[in-house]
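No value in this document is a laboratory result; all are computed from the given coordinates. These numbers come from a predicted model, not from an experiment. Ideal geometry is used to build each Cβ from the backbone, glycine not excepted, and the neighbour counts take in all protein chains shown.
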Amino acid sequence: MTTKSRFRIMLAALLGLMPLMASQAIAADGVALYRGKCAMCHGPAGAGRPGTFPPLAGRVGQIAGNPDGKAYLAAVLLNGLHGPITVDGQSYKGFMPSFRALSDEDIAAVLAYVSTLGNSAAPAGISAQDVASVRAAPMDAAAVQAKRAALQTAHVIP
Ligand code: HEC
């Protein structure tokens, strides 16, 4: 085999691998963001801490299955959330900081990852465009609270 043909084979192999590498990079992003920015409060598997940090596992996937629920999740990440809230009969009066500094792509990726915690379903289809439209309409703490209360009454938020 000549050097030139060996090079051609290597190049072809590398090009063949590229889509795989790209999709893994996207999947890894949400995981890395969650570990770096969320796990310290919500726990590595999203179990939370009763009374302090609400659980996300098994809940976010369900919330994201509803279009208004999806917009709510993006609103929490963009605007933060200040209690009181109730989750599984447990009340929380905490403070979730805003992650407005993250890009729309990063917020979509981390929410898609969180939607897989505690269930075996495919990640929720949250796009950067979904996040961008929520970002375009900033909400104050009272507005995020009111949206949450309405969605809990409608059983979108468990
Ligand atoms: C400093 C601690 C802290 C960090 C970091 C944090 N959260 Fe939170 N999060 C909270 C608290 C506290 C609440 C509940 C706020 C309240 O009591 O009103 C909350 C609420 C939420 C909710 C709403 C749950 C519901 O039932 O309405 C979601 C979704 C969420 N967090 C996702 C995330 C994601 C994703 C990240 C990482 C990008 C993150 N959080 C990082 C503390 C944190």
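The table for this structure:
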read-out	value
All positions within the stretch 78-95 that are within 10 Å of the ligand (Cβ to nearest atom) and within 22 Å of HIS155 (Cβ to Cβ)	LEU81, GLY83, PRO84, ILE85, THR86, VAL87, ASP88, SER91, TYR92
Index of the failed condition, ILE126 passing every other in (1) under 10 Å from the mean Cα position of the chain (by Cα); (2) on the phi > 0 side of the Ramachandran plot	(2)
Only one of ALA45, ALA57, ALA75 that is more than 9 Å from the ligand (Cβ to nearest atom) and within 18 Å of GLN145 (Cβ to Cβ)	ALA75
Hits in the stretch 101-124 (condition: part of a loop (DSSP other than H, G, I, E, B) and within 11 Å of the ligand (Cβ to nearest atom))	ALA101, LEU102, SER115, LEU117
Qualifying positions in the stretch 138-158 - in contact with a helix residue (DSSP H, G or I) (Cβ under 9 Å, 6 or more places away or on another chain) and under 16 Å from PRO67 (Cβ atoms)	LYS147, ARG148, ALA150, LEU151, ALA154, VAL156, ILE157
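A quick yes/no check of all residues on (1) loosely packed, with under 13 Cβ neighbours inside 10 Å; (2) touching a strand residue (DSSP E or B) at 6+ places or on another chain (Cβ under 8 Å):
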position	(1), (2)
ASP106	no, no
VAL110	no, no
ALA128	no, no
ALA132	no, no
PRO138	yes, no
ARG148	no, yes
